[in-house]
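Structure record follows, encoded as structure tokens.
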Amino acid sequence: MRETLRDPGRLEHILTCIDNVQDFVAGKSYDDMSDNKMLFYAVVKNIEIIGEAANSITKELRQRHPEVEWAVIIGMRHVLVHDYYNIDSKTAWRTATKDLPALRPQIAAILKELNNTNIQ
């Protein structure tokens, strides 16, 4: 069983990677990303890390927060790592520009809740 104390760190990793991706794609278009290998793989790598961090979060925390699509996040990581030769740039772009900005406030709220609980 994973340690509950590790969850805040994993959530922080997710937030950092979301921020990285948002910084990477700021002011960029889909074509910019798909034409730039370094940008594309920077986005993909951070999405992978998000999935790995989500997978490392305790089952209990994931069950307490069903509003987060944990299985989708973890499943995407599996695709990016194990089916790497078929990474779809449109899916990566949609994740970067739509899904991650929507995920950020959910993760930030969970982290805030955990930090408030650990202080008391």
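No lab work stands behind these numbers, since they all come straight from the coordinates. Since the model is a prediction, treat every value here as computed from it, not as a measurement. Here the Cβ positions follow ideal geometry from the backbone for every residue, glycine too, while neighbour counts run over all protein chains shown.
Please work out, to two decimal places, the log10 of the ratio I(q)/I(0) at q = 0.23 Å⁻¹ from a Debye calculation in which every Cα of the chain carries one identical scatterer.
Each listed q maps to, in turn, -1.33.
Please state the relative contact order of the chain as a whole percent: Cα pairs under 8 Å, 6+ residues apart?
Numbers: 102 pairs, mean separation 44.5, N = 120.
Once normalised by length, the contact order is 37 percent.
Rank these for me by crowding, I87, I110, I74, I57, going from fewest to most other beta carbons within 10 Å. Can you show the working numbers first?
Numbers: I87 14, I110 21, I74 18, I57 26.
Lowest count first: I87, I74, I110, I57.
Within segment 1-99, which GluC sites (Glu not before Pro) sit in a loop by DSSP and count at most 11 neighbouring Cβ atoms inside 10 Å?
Details: sites: E3, E12, E48, E52, E60, E67, E69; in loops: E3, E67, E69.
Those that pass, being in a loop and sparsely packed, are E3, E67.
Roughly how many debye, to the nearest 20, is the charge dipole of the chain about its Cα centre, given +1 on each Lys and Arg Cβ, -1 on each Asp and Glu Cβ, and no other charges? Walk me through the intermediate numbers first.
Working: 15 positive and 17 negative charges, 38 e Å.
It comes to approximately 180 debye.
Could you derive backbone 3J(HN,Hα) for segment 61-69 from the dihedral phi with the Karplus parameters 6.51, -1.76 and 1.60 (θ = phi - 60°), listing whole Hz in sequence and x where the residue is Gly or Pro?
Calculated HN-Hα couplings, in order: 5, 4, 5, 6, 10, x, 5, 8, 7 Hz.
Helix 70-82 versus the longest principal axis of the chain: what angle, 0 to 90°, nearest 10, using Cα atoms?
40 degrees
Taking the chain as a Gaussian network, Cα atoms linked when under 10 Å apart, which of N46, N36, N20 shows the biggest mean-square fluctuation?
Between N46, N36, N20, it is N36 that shows the largest mean-square fluctuation.
Per DSSP H run of n ≥ 4, the term is -39500 (n - 2.57); total these for the chain, divide by its residue number, and report the mean residue ellipticity at 222 nm rounded to 500 deg cm²/dmol. Intermediate results must be reported in sequence, preceding the final value.
On the way: 7 runs with 90 residues, N = 120.
It comes out at -23500 deg cm²/dmol, rounded to the nearest 500.
Using only Cα atoms, find the angle between the long axis of helix 7-25 and the longest principal axis of the chain, and express it within 0 to 90 degrees, rounded to the nearest 10.
Between the helix axis and the principal axis of the chain, the angle is about 20 degrees.
Using θ = phi - 60° and the Karplus form 6.51 cos²θ - 1.76 cosθ + 1.60, what ³J(HN,Hα) does each residue of segment 39-44 get, whole Hz, x for Gly and Pro?
Residue by residue, segment 39-44 yields 5, 4, 6, 5, 5, 4 Hz.
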